[in-house]
Amino acid sequence: MSNFTSLTGLGWQTYFQQQLSLDEWDETIPARVVEQYKSEVTVATESDIFNIALLATMPEMVVGDWLLLDSQQHLLRVLDRKTCFSRKAAGSKLKRQLISANVDTAFIVTSMNDEFNLNRIERFLSLVNESGADSVIVLSKSDQSEFPESYIAEIQELDPFLMVEAINCLNAESVKKLTPWIKEGTTIAVLGSSGVGKSTLINTLLGEERQNTGGIREDDDKGRHTTTRRSLISLDAGGLILDTPGMREIQMADCKEGIATTFADIEAYAKQCKFSDCQHQTEPGCAVQKAVDSGELDQRRLNNYLKLVREEALNSASLSERRSKDKALGKFYKHTLSQANELKGR
């Protein structure tokens, strides 16, 4: 792991400084979570790197978080996050899973082969937009694509203001296209399905084989998982980059604003619908369907929007129900403990 020599090099910004009192600035130690495991996290200060064991009494922490520690390196509190990536936990668990915190820009990596999928890109964009970070679509394997311009055009049809770069992750000169987003004090997240070249990209940016890489299965262009933990890595050129395990299953939850931002064109049409609760199916006076019929809006994009909206509503309702049950259970435990203490005192 690289040695961090300053708070700025760790990604410290005014946003975090403003959360500290004068006494805290003098007496506490800011530290950033740079690696995450099941039972502990690795944190870095401007002078040291060490592990902190995770206890049940501690707040939830994730890679990228800023912590305040006392002189004994004990946790005092987690600072408010500038941005935060989360998702519904994989499988059927009714739980939100944190992915990373305090990311400035997300590189959404996708290959220019059979893995390329606009629906998946829109899903990642919704996740990034909800987090508050900026996004750059990184089209990998440009050396294997005969017409990379066609892939770029498809993405910019989603939003002409989207930043898109086609690169060869193995070529350092090609990867230099991404340097405008990698500056000292900025944090980059690398998102994308397995096998699209995330770890290869990070190795090229680092100039060394730091992350394990794996090939793709030739029968379906899908990759093998090569990164098994989340880690924050400093770059010699400045900035930090965060690698995350491949996320095939990204379920939308608490992501309503992110979806609305990603599909701003559909949201704009929806405001012109005759009925405020229009489902954009067969209702009379539907401006969204009218846009589809006139060719202004692609049916695929509308279908994906409706799918993500339904998924987000279902998952968010499940999470809300879980939170209510957890809150009720907590009150029950507190009441039971109080009664037990009263009986013990008699």
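Just so it is clear, none of the values below were taken in a lab; they were calculated from the coordinates. Just so it is clear, the model here is predicted, and its values are computed rather than measured. Counting neighbours? That spans all protein chains shown, and the Cβs are built from the backbone with ideal geometry, glycine included.
Numbers for the structure displayed
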item: Checklist (1) within 22 Å of Thr8 (Cβ to Cβ); (2) in contact with a Leu (Cβ under 7 Å, 6 or more places away or on another chain); (3) surrounded by fewer than 23 Cβ atoms within 10 Å (Cβ to Cβ) applied to Asp70, failing item; result: (1)
item: Of all residues in the stretch 277-298 being part of a helix (DSSP H, G or I) and not aliphatic (A, V, I, L, M), the one that is surrounded by the most Cβ atoms within 10 Å (Cβ to Cβ); result: Gln289
item: Residues of the stretch 266-280 classified as under 15 Å from Asp293 (Cα atoms) and touching a Gly at 6+ places or on another chain (Cβ under 7 Å), total; result: 1
item: Number of positions in the stretch 191-209 that are surrounded by fewer than 24 Cβ atoms within 10 Å (Cβ to Cβ), in contact (Cβ under 8 Å) with a residue 24 or more places away in the chain and not in a helix (DSSP H, G or I); result: 3
